[in-house]
Amino acid sequence: MMKKYNVAIIGAGAAGLSAAGAALRRGRSVVILDMGDRPARKVAASGGGRCNFTNMAAGRDRYFGKNPDFVRGALARVRPSDILDWAAGHGLGWVEKNPGQMFCKTGAADIVRALMQDANDAEILYNTPVKNVRREQSGFAVEHDGGIIFAERLIIATGGISFATLGVSDTGYTVAKQFGHKIIPPRPALCAIDTNAFPAEWAGVSIRAEIKIGSRKISGDMLFTHFGIGGPAVYSASLAGTDNDIIINLMPDIDVLDWLRNQKHKNGKKSIHTLLGMHLPTQIARHFGTTNGNIADTRDTTLAQIAGQITNFKIPARTWRHHGMAAAEVTFGGVDTGDISSKTMESKLCPGLFFAGEVMDITGDLGGFNLQWAWASGRVAGENA
Ligand SMILES: Cc1cc2nc3c(=O)[nH]c(=O)nc-3n(C[C@H](O)[C@H](O)[C@H](O)COP(=O)(O)OP(=O)(O)OC[C@H]3O[C@@H](n4cnc5c(N)ncnc54)[C@H](O)[C@@H]3O)c2cc1C
């Protein structure tokens, strides 16, 4: 007789393994199918191999998608402090790089090991891409290259479709659609931005900046490249759509106009570009300091114009685009959360079908928020499947 499992999970990534641990703790029999030859390849590569595995600031305002409120239930059930407890329970330590941003002290491989310890009693089928899912009378038939498995409950934890070199597929979206779920069109996020709306000679320059996009203000490092802009602040800004202007304050740490007026008295004989060079890389200072003569001879209205250009450097909407799926850390969009229960992660359209992690239309900010979402939604799905 064909073996039947209580729970089948498609995807042995962050969310799938988190779900497996939770289901096993309830005494459920679990099978995990993964197309890759090893578990959690994105976790292993995360945070440059150091795995930024959570962020203490995880809350609704750090998540994006059609309905970010969807995260509230799972994040209240599984808080960042619960994830620190989980890590400590496995003997793992962490390092707080920026306030609240937690990296594994001994590296991402140890996080993968801890996940695998929790999933130890699951059967894991590697090199097993799932092709198709069928609803059966008492559960699901999951078809893969090498055959078919049966389970009462099914958790889709197939992740997003970005960063394909680490192994991705759109099977999660296909299966969701098959059961009537809507898909919010996927696009890259947490990625660089293509634009030529800045002087070519800025390529190679990096600065600390403040980026305004939509209703968000993001402070952090950014760099200008030969194709556009990148760096952490830009990655975070890339959560927004291309219908937004990107407004960059290139000198966020001082009141630029006030400082220029002050310099007029203190350093009147100096040129504007020399003075700007005290706060800006030469290439950028030169661009804004083209006015001839010294600052003492420059009118205050001109200084105000220069200050305005520096603090509101604009990359207009639709003159930029996301750099591409290949190098994007996450996929924006995915399975519409409108038809999923935020309390259990179960489909409202197909009882017994659950979703976990990035496959859903929830995208976290840069800084450990996406893994926190994978752990939390995975654990909730595993506790209910
Ligand atoms: C380079 C990089 C660095 C990152 N760094 C961080 C970080 O430091 N902190 C952070 O919070 N987030 C980080 N992220 C994002 C984070 O890794 C993901 O959001 C998270 O892994 C999503 O978890 P998931 O389980 O939903 O999907 P995944 O971890 O992607 O797992 C999905 C799994 O499903 C399997 N699968 C897919 N389709 C099929 C199929 N048809 N059949 C069988 N198996 C299938 C895949 O093989 C994969 O193992 C990073 C992402 C990348 C690409």
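Our summary gives the stretch 192-323 a relative contact order of 32 percent, counting only alpha carbon pairs under 8 angstrom and 6 or more residues apart. In a reduced charge model with +1 at each Lys and Arg Cβ and -1 at each Asp and Glu Cβ, the chain shows a dipole moment near 380 debye about its Cα centre.
Compared with the dominant Cα axis of the chain, that is its longest principal axis, helix 108-118 is turned about 20°.
Which order, highest average first, do 158-165, 42-49 follow once you tally other Cβ atoms within 10 Å for each residue and take the mean per peptide? Present the calculation step by step, with values, prior to reporting the outcome.
Values: 158-165: 22.2, 42-49: 17.9.
Packing order, densest peptide first, comes out as 158-165, 42-49.
Neighbours of ARG113 by Cβ distance under 15 Å: Lys/Arg scored +1, Asp/Glu scored -1, total +2. Each part gets one Cα centre, and for the stretch 182-213 versus the stretch 311-330 those centres are 3 Å apart. In loop segments of the stretch 213-271 as defined by DSSP, the trypsin sites (Lys or Arg not before Pro) with at most 14 further C-beta atoms inside 10 Å of their C-beta are LYS269. Straightening the chain between ILE148 and ASP69 buys 24.8 nm, computed as 0.36 nm per residue apart minus the Cα-Cα spacing.
How large is the dipole of the stretch 317-385 about the Cα centre if only Lys and Arg carry +1 and Asp and Glu carry -1, each at its Cβ, rounded to the nearest 20 debye? Show your work: numbers first, answer last.
Working: 5 positive and 8 negative charges, 27 e Å.
The calculation lands at about 140 debye.
Helical content alone sets the calculated 222 nm signal of the chain at -8000 deg cm²/dmol, taking -39,500 (n - 2.57) per DSSP H segment of four or more residues and averaging over every residue. Dipole magnitude for the stretch 81-232: computed about the Cα centre from +1 point charges on Lys and Arg Cβ and -1 point charges on Asp and Glu Cβ, it is near 560 debye. With neighbours defined as other Cβ atoms within 10 Å of a residue's Cβ, the residues ILE246, ILE207, ILE10 order from fewest to most as ILE207, ILE246, ILE10. Computed from Cα atoms, the angle from the helix 80-89 axis to the main principal axis of the chain rounds to 60 degrees. Summing charges over neighbours of GLY368, with a neighbour being any other residue whose Cβ is under 10 Å away from its Cβ, gives +1 when K and R count +1 and D and E count -1. Of LEU115, LEU24, the sequence from fewest to most neighbouring Cβ atoms within 10 angstrom is LEU24, LEU115. Fewest-first ordering of THR301, THR344 by other beta carbons within 10 Å of each residue's beta carbon gives THR301, THR344. Segment ARG77..ASP339, full-extension length gain: 92.3 nm, with 0.36 nm per residue of separation and the alpha-carbon distance subtracted.
Averaging the sequence gap over all C-alpha pairs within less than 8 Å and six or more residues apart, then dividing by the number of residues, gives the stretch 1-95 a relative contact order of 20 percent.
Overall form of the chain: prolate. Here a/c, set by the Cα gyration tensor axes a ≥ b ≥ c, is 1.5 or more, and a/b is the larger of a/b and b/c. How much FRET efficiency would the formula 1/(1 + (r/R0)^6) give for LYS3 and ASN312, where r is the Cβ-Cβ distance and R0 is 56 Å, rounded to 0.05? Efficiency at R0 = 56 Å is approximately 0.30.
Would you mind calculating the relative contact order of the stretch 260-354 from Cα pairs under 8 angstrom and at least 6 residues apart, reporting the percent as a whole number?
Values: 62 pairs, mean separation 18.0, N = 95.
Taking the mean separation of contacting Cα pairs over the length of the stretch 260-354, I get 19 percent.
Projecting the Cα atoms of VAL205, GLY367, PRO252 onto the charge dipole of the chain (Cβ charges, centred on the Cα centre) puts PRO252 farthest toward the positive pole.
Normalised Debye scattering of the stretch 192-323 at q = 0.20, 0.21 Å⁻¹ gives log10 I(q)/I(0) of -1.09, -1.17, counting only Cα atoms as equal scatterers and leaving out solvent. In this structure, ASN98 and THR165 have a Cβ-Cβ separation that, at R0 = 25 Å, corresponds to a calculated FRET efficiency of about 0.40.
A simple count of charges around MET56, restricted to other residues whose Cβ falls under 14 Å of its Cβ and scoring Lys, Arg +1 and Asp, Glu -1, yields -2.
Just so you know, all these numbers are worked out from the coordinates, no wet-lab data involved. Quick caveat: nothing in here was measured; it's all calculated off a predicted structure. Because the Cβ atoms are built from the backbone with ideal geometry, glycine has one as well, and the counts that use them run over all protein chains shown.
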